[in-house]
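Single-structure report; data block below.
The values are calculated or read from the model by the stated rules, or taken from the named source; none is laboratory data. Here the structure is a predicted model, which is why all the values come from computation and not from measurement. Here the Cβ positions follow ideal geometry from the backbone for every residue, glycine too, while neighbour counts run over all protein chains shown. Please note that ligands, DNA and RNA were not included when accessible areas were found on the heavy atoms of the full protein model with its side chains. Shrake-Rupley method; radii C 1.70, N 1.55, O 1.52, S 1.80 Å.
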Amino acid sequence: MILILTIKCGKCKSKIIKYKKIGKGKVLRCWESKIKRIYDGEIKDNKLFCKNCGNKIGIIKEDDIRGNYVDMDRDQFTYSGKKIRK
Ligand SMILES: [Zn+2]
């Protein structure tokens, strides 16, 4: 299953990123290679922030095999999305 998610800031509701998620389950990590668009997200000091209100959404980490990802802070964002393929 492939989902296209719009991840929003949990505080000010600004759109942060568009993310292509494969499989069900919670959004815990956002892999750099699957971030399709950056809206009001800003990367500073290896963290992902909301440009609008400064909320910290997650921390950039590195996986030796799969590359960089954002370790998402699950209390600091919301998301909505649609299924594009089963
Ligand atoms: Zn915000």
> When you go through 81, 58 one by one, which is the residue that is open to solvent by less than 30 Å² (accessible area, probe 1.4 Å) and in a strand (DSSP E or B)?
Replying inline: 58
> What number of residues in the range 9-19 are under 18 Å from residue 71 (Cβ atoms) and either out of contact with any Phe, Trp or Tyr (no Cβ under 7 Å at 6 or more places or on another chain) or away from the ligand (no atom under 16 Å from the Cβ) (or both)?
Replying inline: 1
> So which residues in the range 20-34 are part of a strand (DSSP E or B) and either open to solvent by 40 Å² or more (accessible area, probe 1.4 Å) or within 11 Å of the ligand (Cβ to nearest atom) (or both), if there are any at all?
Replying inline: 20, 22, 29
>> Can you find a residue that is of a type in the set (Lys, Arg), within 16 Å of the ligand (Cβ to nearest atom), outside any strand (DSSP E or B) and more than 25 Å from residue 1 (Cα to Cα) anywhere in the range 44-53?
In response: yes
>> I'd like to check something: does the range 62-70 contain any residue that is in contact with a Cys (Cβ under 6 Å, 6 or more places away or on another chain) and within 16 Å of the ligand (Cβ to nearest atom)?
In response: yes
> How about the range 5-15: which of its residues are of a type in the set (A, V, I, L, M, F, W, C) and open to solvent by 40 Å² or more (accessible area, probe 1.4 Å)?
Replying inline: 12
